[in-house]
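The values are calculated or read from the model by the stated rules, or taken from the named source; none is laboratory data. Bear in mind the structure is a predicted one, so any value in this text is a computation, not a measurement. Note that we place each Cβ from the backbone using ideal geometry, even for glycine, and neighbour counts take in every protein chain shown. Areas reflect the complete protein model, heavy atoms only, side chains present, ligands, DNA and RNA absent. Shrake-Rupley method; radii C 1.70, N 1.55, O 1.52, S 1.80 Å.
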Amino acid sequence: MEVALDTEDLAGSGLRLEIDGAVATITLIRPERRNAQTPAMWRALARIGDTLPVGIRVVVVRGEGPSFSSGIDLRAFTPEGVPGEDAPLPADAAPEEIDRTIAGYQRGFTWLRRPAIVSIAAVRGHAIGAGFQLALACDLRIVADDASFCMKEPALGLVPDLTGTKPLVDTVGLARALEMCLTVRTVPAEEARELGIAQAVVPGDELDDAVRDLTAALLQVDAGAAAATKSLLQQAPGNTLDEQAATERRAQIDRLRALGESR
Ligand code: CAA
């Protein structure tokens, strides 16, 4: 079994991982670049997902400094690149290699939806491009009143490819997602709450407390029931009512068995 990563494993990734009981906190620690993201950060995120200790039930993703994340480190698009980093997508790579490379980056984002955990993005300031997608990769977003969201990729001639398009459309609908992405406009905190992107907006100095309170509330519920319920809810949009009803029955049979075994 893989062991949990320690700080040394994450050196140079721009991430810090702290574990406190059933709660893991991942902090983007590049505030001088507004927590701009790099391939090393995405690979480190994937490694955290691969090695997350059993028993972690809540994962908080936050950014140090005034911005959650300003998206991809724009130096990647300059001839000099980001010091110490490979280019995110080598221009001369074959399509299969690009596909494989992006799939590796996406792994840093997809694990945040796994049923055994609830992931919370604590967003203050800007969440732009890859930063918006990282927030969307989390199950819940608790945001400061100065938070803002912008899917900037189309303005760079690119598409959002870090798993953000599905949660965005699932949350706000196709028409609103299209309008937001193709006008590349910035959505402020209050509008994000109205659209369901943010579950709560709080004053900036109350963000940490709000996330702590939510975490405490989530931990009140039985771990097995929480994971089974999350899995059930995740399947609901893709199921007909009959399919979902059957899925509920199967999940309940598993729960009753688990409860019986624990007595
Ligand atoms: N990449 C590299 N450096 C960045 C950065 C980024 N994405 N964002 C900010 N920085 C750097 C700035 O260059 C600046 O560096 P210096 O101090 O050396 O000048 C420092 O961080 C502070 O930035 P600002 O002074 O601009 O800070 P601000 O608080 O006034 O503004 C901001 C913050 C609105 C995020 C602004 O910096 C900004 O617009 N950044 C660029 C955002 C962007 O376009 N990101 C790309 C998104 S698309 C994407 O992410 C694509 C993808 O996945 C493929």
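Scanning the stretch 27-54 for residues that are more than 16 Å from Leu89 (Cα to Cα) and open to solvent by less than 30 Å² (accessible area, probe 1.4 Å) gives Thr27, Leu28, Asn35, Ala36, Ala44, Leu45, Ala46, Ile48, Gly49, Thr51, Leu52. Among the residues of the stretch 7-19, are any in a loop (DSSP other than H, G, I, E, B), under 21 Å from Ile128 (Cα atoms) and free of Cβ contacts under 8 Å to residues at least 40 places away in the same chain? Checked against the condition, which is being in a loop (DSSP other than H, G, I, E, B), under 21 Å from Ile128 (Cα atoms) and free of Cβ contacts under 8 Å to residues at least 40 places away in the same chain, the stretch 7-19 yields at least one hit. Only residues that are within 12 Å of the ligand (Cβ to nearest atom) and closer than 30 Å to Gly21 by Cβ were counted in the stretch 58-86, giving 6. If the condition is being of a type in the set (Gly, Ala, Ser) and within 14 Å of the ligand (Cβ to nearest atom), then the stretch 152-188 contributes Ala155, Gly157, Gly164. Scanning the stretch 108-146 for residues that are open to solvent by 10 Å² or more (accessible area, probe 1.4 Å), within 16 Å of the ligand (Cβ to nearest atom) and touching a Leu at 6+ places or on another chain (Cβ under 8 Å) returns a single hit, Arg124.
Confirm whether Leu162 is surrounded by 14 or more Cβ atoms within 10 Å (Cβ to Cβ) and closer than 23 Å to Gln106 by Cβ. Answer is yes for this residue.
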